[in-house]
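Everything on this sheet refers to the single structure shown next.
The values are calculated or read from the model by the stated rules, or taken from the named source; none is laboratory data. As the structure is a computational prediction, the values presented were derived from the model and not from experiment. Backbone-built Cβ (ideal geometry, glycine too); neighbour counts: all protein chains shown.
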Amino acid sequence: MTMAEQSVLPTIRVCDVTKTYRLYRSPADRLKETILRRPYGRDVVALQHASLSVAPGEILGVVGPNGAGKTTLLKLIAGISKPTSGAIERHGRVTGVLALGTGFNLDLTGTQNAITNAQLLGMSAKETQTRLPQIIEFAELGEFMGEPMKSYSSGMLMRLAFSVAIHSEPTCFLIDEALAVGDAHFQQKCFGRIRDFQASGGAIVFVSHDLNAIRRVCSRAVLLRAGEVLEQGSPETVVNAYYKLIAGYENQSKPVSNKSGFSGSYGSLAARIHSVDVVGEHSDTNAVSSGEVTTVTVAVEAQRETPEVTIGILIRDRFGQDVFGTNTHQHNLKVSFKAGERCVCRFRMAMNLGPGRYTVTAAIHTGETHLDDCIHWADHACDLEVVGITGPRFSGLCRLSPEIDIRPWEEINRAAKS
């Protein structure tokens, strides 16, 4: 096989993998089953007929409800557990941050654990000593590296575990919710290192309940439910399928269509969204300036009587991250419809977003979110583009309109003393 052919091989390939665990009510039942040759336990299928791959330079996000099989999948890829059937192909070193504390001896110091864990991950003694200063510097634990790990917080454990794993130079890096316990500074540092690792051709499998993070960093995503791969595709497609799943409409076979032509919608359809429009006060189009007063109009038609409903909108950026959402429930506005009734709900606001392309999703539901009782969810119902800035320039996604006050240092000190 040529080098060119090797470079296009997936780093990880999961081929029709099933993992079944045998559970017993007590250790005695396990012993009785062995001796008496009679079943005293029960089989639990954690993963069934799962197939997926991760290519070099790709970040695969894995989402799903609790018990879906996400952690089982990572353990199988890491080689911690063996599949009951099927096969897993690995090309190169696979490391990662799974359950916090895995591979650590809490009675040893951080430095001792870093050395031991690095060698468990396949680094030689010479490699470990060479990279140890980088591991310690990245973890930012300072004098705590000389303290026993039983005195560490979960965030400190994550810092060291991530630092050791990423410095072992793997070809595939596994992350299982560990970053959720870190502080904002260290999370940003980790995501920066993850992007560098990806840019160098590393493959990553990233399990998280943070759907914005899945949208932001992943190349593709997979949705698991009860051990099955329910959906694979772009992060936006998979996250929307997850929302549909937890709202209880995963079996709605066809997307709801309407005259405006948007797709990706579902719900009970007691009332439906007829159209969604965005118009700037000055532009008279959906291309507005940052700061321009803009109206988002949601036209609704009730199919049957729908008391106490909520109408809402959600603005997402080009990565699919939720930027801003609001609804009538949050503004204490009561909405109800009679059968056949139509209405128009307008959301008027200064569009204080940074320049860029956005989408607007609209929804009708009960309560505060569409997860309670989804009547009609219309994903990506229309586009919004923010071009240019009205007023003072700014950086980032939104304008916070600060008041800036500059005074002499002495004046501030005198005011504090008085």
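Here are some notes:
- Members of region 190-206 found to be part of a helix (DSSP H, G or I), within 16 Å of Ser163 (Cβ to Cβ) and in contact (Cβ under 8 Å) with a residue 40 or more places away in the chain, listed by number: Arg193, Ile194
- Top-ranked residue in region 17-31 [being part of a strand (DSSP E or B) and of a type in the set (Lys, Arg); ranked as modelled with the highest pLDDT]: Lys19
- You will find that of His370, His365, the residue that is in a strand (DSSP E or B) and either touching a residue at least 24 places away in the same chain (Cβ under 8 Å) or touching a helix residue (DSSP H, G or I) at 6+ places or on another chain (Cβ under 8 Å) (or both) is His365 and no other.
- Residues in region 10-44 that are buried (at least 16 other Cβ atoms within 10 Å of the Cβ) and more than 35 Å from the chain's Cα centre (by Cα) were compared, and the one that is nearest to Gly202 (Cα to Cα) is Tyr40.
- From Asp43, Asp16, residue being of a type in the set (D, E, K, R) and in contact (Cβ under 8 Å) with a residue 40 or more places away in the chain: Asp16
- Taken together, the criteria place Ala161 among residues that are touching a residue at least 40 places away in the same chain (Cβ under 8 Å), in the same structural domain as Val239 (by TED's automatic domain parsing) and either loosely packed, with under 14 Cβ neighbours inside 10 Å or not basic (Lys, Arg) (or both).
- Residue selected from region 209-225 under the condition of a type in the set (A, V, I, L, M, F, W, C) and outside any helix (DSSP H, G or I), by the criterion nearest to Gln48 (Cα to Cα): Leu224
- Among the residues making up region 32-62, a single one is among the acidic types (Asp, Glu) and more than 30 Å from Ile175 (Cα to Cα): Glu33.
- Of residues in region 298-344 being under 33 Å from the mean Cα position of the chain (by Cα), on the phi > 0 side of the Ramachandran plot and not acidic (Asp, Glu), the one surrounded by the fewest Cβ atoms within 10 Å (Cβ to Cβ): Asn332
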